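To keep things clear, I will list the structure first and then write my remarks on it.
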Amino acid sequence: MKNLIKSIVIITILITTFSCSNSDENILTPTLREKGSIGLTLSKSTIPPDVKVIVAKLDKYGFPQIQDSIVVSTTGDTVNMVINNVPVGNWNLTLTAKDSLSRIKYTGSATVTIYHDQVTFIYITMVPSGSGTGTLHISIIWRTSKWNMFSGNPVIRQVVGTFDEYHNYIQAPCILKVGGEYKMWYLTGDNSIQKIAYATSSDGKNWIKHGVVLSNGPIGSWTEKGVAYPSVIYDGGIYKMWFSGKSAASIHSGIGNAVSTNGLNWEVHPSAVIPSTLERPLSFCPSVAKKDGEYFLFYSVELVNGFNPKIYFAKSIDGINFTQQGVVFQARPDLYWEKGGVFGSSIYYDGSKFIMYYTSKSNPNYFDIGYIGKATSVNGINWTFSSNEPELRKEDTAPWLSITVGFPFVLNDNGKLKLWFSSISEITNKWQIGYAEQ
């Protein structure tokens with residue numbers, strides 16, 4: 001049998017600098033204004049002699065196809081091609097190598113992600129493609145999702161002509177089921193101001209929005225630029241909420257508390273119950289569970305905005321005055337999907353142990369691609385990871401096409417686990433909320 005000739009092609013993602021506004025959390029929120037470039041460099045010594053033209057095509061749902069080609073010249077040691085003005089996000093890249101009669105001799109493909117201000121390297125194997133007999137190369141990755149996606153996702157999205165039409169962020173849901181009705185509080189807003197909205201549902205899938213129920217504070221306050229990431233419990237006929245505050249667009253300024261009798265009208269505690277300190281300068285994403293008369297508060301902390309978040313733990317008798325327990329949950333840096341840090345957790349107590357669903361990221365410096373993991377603990381301090389693989393990744397959201405996942409909330413509804421999560425939609429390039437069942 002003749003040996004197949006393969007050429008290894010190095011695809012370099014070169015990011016050009018554009019004037020654009022990053023999100024409050026440095027989360028990738030691609031827009032048509034954020035663009036980069038793909039640079040293709042091949043050494044001539046690796047190119048078969050019958051290859052004369054190389055064609056590159058970029059495809060992405062909802063965007064026009066991008067195509068360029070380069071002629072393999074007889075001079076120089078390398079072949080270089082640059083495709084400019086590529087919107088950020090995930091793209092399907094296809095390479096075809098043609099001979100002098102425009103017959104396709106080799107093909108290769110990969111999924112590439114264009115990031116703002118980052119360089120990525122991708123290797124593509126060019127497989128012979130010709131007439132007559134040949135060899136079919138098949139790669140199969142077996143993965144069974146633990147969650148059944150709702151076909152109507154996203155369940156909470158931006159709606160034209162309403163208060164959230166232009167909001168980049170609809171994320172971080174918190175859900176209670178009270179009297180047979182599902183109640184959701186979630187973050188809504190843009191890069192400037194974020195608020196907390198409220199919605200209700202009879203089935204957890206079809207929601208009625210009731211608008212914003214908790215807004216940012218006055219100028220000079222610790223919530224001047226927003227309130228976000230609600231965690232709500234129903235305790236003794238009272239709704240109790242813990243939330244993140246923002247004193248500036250990218251500054252988490254601590255965790256606050258509010259109470260309500262109906263989930264709509266909230267009385268906010270005058271100061272942060274978890275204030276910013278030198279040891280915990282950026283505290284956000286609270287998740288509260290009640291056990292044996294105590295409030296167990298788990299929250300995320302960054303020392304520098306976007307850098308390597310960890311999860312801290314504090315306890316309280318009244319939900320206002322907390323005793324710090326320190327860092328209790330950190331990422332496993334040897335895992336590709338966790339090495340950037342863990343944050344944005346959702347925790348509940350099942351009667352014998354705490355169960356945590358958390359967000360992780362692969363880049364320690366900012367939120368690039370997010371994943372959802374799971375862990376358990378008897379005391380809230382010592383945690384056991386459920387797996388070396390994530391519970392949910394962006395590929396698992398199909399048929400909803402998403403760029404990243406995070407900020408989970410899991411509800412044990414009469415023995416059935418129900419998951420609401422946040423994703424950036426490939427179609428809108430905005431954060432929205434999806435639903436799945438285990």
* **For peptides 350-357, 66-73, 418-425, sequence by mean Cβ density within 10 Å, most packed first** => 418-425, 350-357, 66-73
* Asked: If the convex hull of the alpha-carbon atoms of segment 283-393 is projected onto planes in all directions, what is the mean projected area in square nanometres?
  -> 6.5 nm²
* To do: Please work out the FRET efficiency for the pair Ser102 and Glu389, using the Cβ-Cβ distance as r and a Förster radius of 56 Å; give the result to the nearest 0.05.
  => 0.80
* Which of Asn168, His210, Ser192 sits farthest toward the positive end of the charge dipole of segment 158-222, with +1 on the Cβ of Lys and Arg and -1 on the Cβ of Asp and Glu? -> His210
* Structure fact -> Answer in debye to the nearest 20: the dipole magnitude of segment 293-438 about its Cα centre, from +1 Lys/Arg and -1 Asp/Glu charges placed on Cβ, is 120 debye
* Asked: Stretched out fully, how many nm does the piece from Ile219 to Glu267 gain, at 0.36 nm a residue minus the Cα gap?
  -> 15.4 nm
* Interchain or long-range residues, amide H under 5 Å from Lys52's placed H -> Lys98, Asp99, Ser100
* **Cβ-placed point charges (K, R +1; D, E -1), dipole of segment 172-292 about Cα centre in debye, nearest 20** => 140 debye
* Under a point spin-label approximation (7 Å from Cα along Cα-to-Cβ), what is the Val212-Val159 distance to one decimal in nm? -> 1.7 nm
* Using the Cα centre as the reference, give the magnitude of the dipole from point charges on the C-beta atoms of segment 148-437 (Lys, Arg: +1; Asp, Glu: -1; all else neutral), rounded to the nearest 20 debye. => 80 debye
* To do: May I ask you to derive the FRET efficiency for Tyr234 and Lys52 from their Cβ-Cβ distance with R0 = 60 Å, giving the value to the nearest 0.05?
  => 0.30
* Structure fact -> Violations at 26 Å Cα threshold for listed pairs Lys35/Lys57; Lys246/Lys394; Lys35/Lys246 -> Lys246/Lys394; Lys35/Lys246
* Arranged from highest to lowest average of other beta-carbon atoms within 10 Å per residue, in what order do the peptides 381-389, 251-259, 212-220 appear? -> 251-259, 212-220, 381-389
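Every number here is computed from the coordinates shown, using simple stated rules; none is lab data. Keep in mind that this is a model prediction, so the values were computed, not measured. Here the Cβ is made from the backbone with ideal geometry for all residues, glycine too, and neighbour counts use every protein chain on show.
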